[in-house]
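For reference, the structure is listed below as structure tokens.
Each reported figure results from applying straightforward, stated rules to the coordinates on display, with no laboratory input. Small disclaimer: the values here were computed from a predicted structure and weren't measured. We place every Cβ from the backbone using ideal geometry, glycine too, and count neighbours over all the protein chains shown.
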Amino acid sequence: MQGNQKPMIESPLIEKALGYIGGQWCGADSGKTTPLLNPATGEHLADVPSMGVPEITAAVEAAESAMAEAPSPGRRARWLTDMGDAMLAHKDELARIITLENGKPLAESAGEVEYGASFFHYFAGQLDHLSAKSLPGSIRNCRWTVHHRPAGVAGFITPWNFPVGMVGKKLPAALGAGCAVVAKPAPQTPLSMIACWALAEQVGIPAGWMNLVIGDAAAIGGVLCAHPAVRVISFTGSTATGTLLIEQTAPYVKRLAMELGGHAPFIVFDDADLERAADELMVNKFRAGGQTCICANRVYAHSDIAVRFVDAVADRVGKLRVGNGLDPQTTLGPLINRAGFDKVARHVRDALENGAKRIVGDDPPRPGHDWGAFYSPTVLLGVKSDMAICREETFGPVVGVSEFDDEQQVVDQANSTPYGLAAFLFTADVERAERIGAALKFGHVGINTGTNPTPQAPFGGMKQSGFGREGGLEGLLEFSEPQVLVRG
Ligand code: ADP
């Protein structure tokens, strides 16, 4: 496997824009590459390999061979600590790379690196949970011990919205549990992962434990689903792709962790602290330009406070600065591509045509190419449940507000979606918060906060938002297989 893709992007962390298999940087066997553009400027950042079945298979085999060595938990914990430290030491450069290929503002990219690193540090301290446990006493005249064995090679397929954050959640759990990894970045954001793999090489994670394959999604998915050495696939992305992977793995009975789409409700009651709710909505909704699976997509405000709340939000939205994420003044970057722009524009048009009122925003020009998809931050009032914005994930900087009067009515509306990832509610009434928290069918429920997940807690979806968890002990156990030894 050869490759010599000198990237246009100048970075000490990206000497060559290549994949990494069995401890070697390599391109596609065919020599084929795909150009990668900056979504804000159209600047040509690099040509990345278009790998196919043979390279992916080689990566899986490299991972399988590496696992034969079975390093101790102490050694694996050291890898995680060293990786987390290295990410923080190179935070600024990693952040710059994320912004160049994803478009999000630099400060957010730096926050994403810290977030990713925090999972490495957290899991480094959790590996004791994998120690063998002897069950007390004699059972059926035998002594029983429960072991946690590495599940097998882990395949990762990740999206572009958090190129470091997403792999940061998965990698330390898999490596910590003793699983070698084959990871596939999203086609829009391979460079951030190349940079992380360069750090892994620097800190001395041995050959074969972290493999990076870049190229044809269907080919990579096909090998990961069918190869017998891959025992776990951890996927973050759309429900459509997740469903396909479930179907493709069905004949092989593999473990899956699926973090799929969201369609988060954000409910504001009449007794809520409206300034606080507006502040939290801003962070929650506009992080990554509204292109996150936990961001509020349906905002329900009690009719007594709806106008006041919308005014508070509109004030803040009016202060957002749209532009190139590398500019320190920018607080909202471009959408990832023109398809993203078209979807947001369709949702806004549909809402306006069906009676919603635009409080902030305008009709930005459609870009003539796949980059430069800047959408004006928008606030809509009078959104109804049959509008597209209430039925589909918008993935853009649009706040659509509906009014409600009754608690049960808003809970039913919030739950009336096939998705169940994140929900948020704002109220001063502690009992109501508990009651609604339990009634909402979502894996992550924020009460008077719009906060994102944290390494210490299991994060994941209910219903069609998926299954499996990232973070917490649950996240570690996704990659570990319990085995019982019974001694007679
Ligand atoms: P999004 O719409 O957010 O890009 P996708 O589900 O299309 O969501 O993409 C998430 C990840 O899944 C990306 O890395 C993408 O390349 C990958 N992907 C897309 N189609 C397939 C497929 N058929 N098999 C495996 N991975 C896929």
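What the table shows:
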| item | result |
| --- | --- |
| Amide H contacts of Ser416 (H built 1.01 Å from N, under 5 Å, at least 5 apart or other chain) | none |
| Cβ crowding within 10 Å averaged over residues, with 218-231, 354-367 ranked highest first | 218-231, 354-367 |
| Segment 29-187: mean projected area of Cα convex hull, nm² | 11.9 |
| Residues with amide H under 5 Å from that of Thr33, placed H, sequence gap 5 or more | Ser50 |
| The chain: Cα Rg divided by the 2.2 N^0.38 Å rule of thumb | 0.99 |
| Shape parameters for segment 179-230, alpha-carbon atoms, Rg then Dmax in Å | 11.8, 32 |
| Dipole axis of the chain (+1 Lys, Arg; -1 Asp, Glu on Cβ), positive-most option in Gly103, Met462, Asn211 | Asn211 |
| Anchor Lys16: lysines whose Cα lies under 24 Å away (excluding residues fewer than 8 positions away in-chain) | Lys6, Lys32, Lys91, Lys104, Lys184 |
| Residues in segment 444-488 that a label on Ala132 would reach, taking backbone N under 12 Å of a point 7 Å out along Cα→Cβ | 483-487 |
| Cut-off of 10 Å, at most 14 other beta carbons, DSSP loop: longest stretch of the chain lacking such GluC sites (Glu not before Pro) | 70-488 |
| Degrees between helix 73-89 axis and first principal axis of the chain (Cα, 0 to 90, nearest 10) | 40 |
| Antiparallel bridges, percent of DSSP beta bridges restricted to the chain (to nearest 5) | 45 |
| Cα centre as origin, Lys/Arg/Asp/Glu Cβ charges: segment 313-440 dipole, Debye | 540 |
| Modelled label reach - Asn354, point 7 Å along Cα→Cβ, segment 263-280 residues with backbone N closer than 18 Å | 263-266 |
| For segment 234-354: Kirkwood Rh in Å [reciprocal of mean 1/r, alpha carbons] | 17.0 |
| Residues whose placed amide H lies under 5 Å from that of Leu421, excluding near-sequence neighbours | His263, Gly443, Met462 |
| Degrees between helix 217-226 axis and first principal axis of the chain (Cα, 0 to 90, nearest 10) | 50 |
| Degrees, to the nearest 10: 91-102 long Cα axis against longest axis of the chain | 60 |
| Stokes-Einstein translational diffusion, segment 1-63 - Kirkwood Rh over all Cα pairs, 1.306 mPa s, 10 °C, in µm²/s | 129 |
| Positive dipole terminus of the chain, leading residue within Pro397, Ala423, Phe269 (C-beta point charges) | Ala423 |
| Residue-averaged [θ]222 nm for the chain, counting only DSSP H segments that reach four residues, each worth -39500 (n - 2.57) | -11500 deg cm²/dmol |
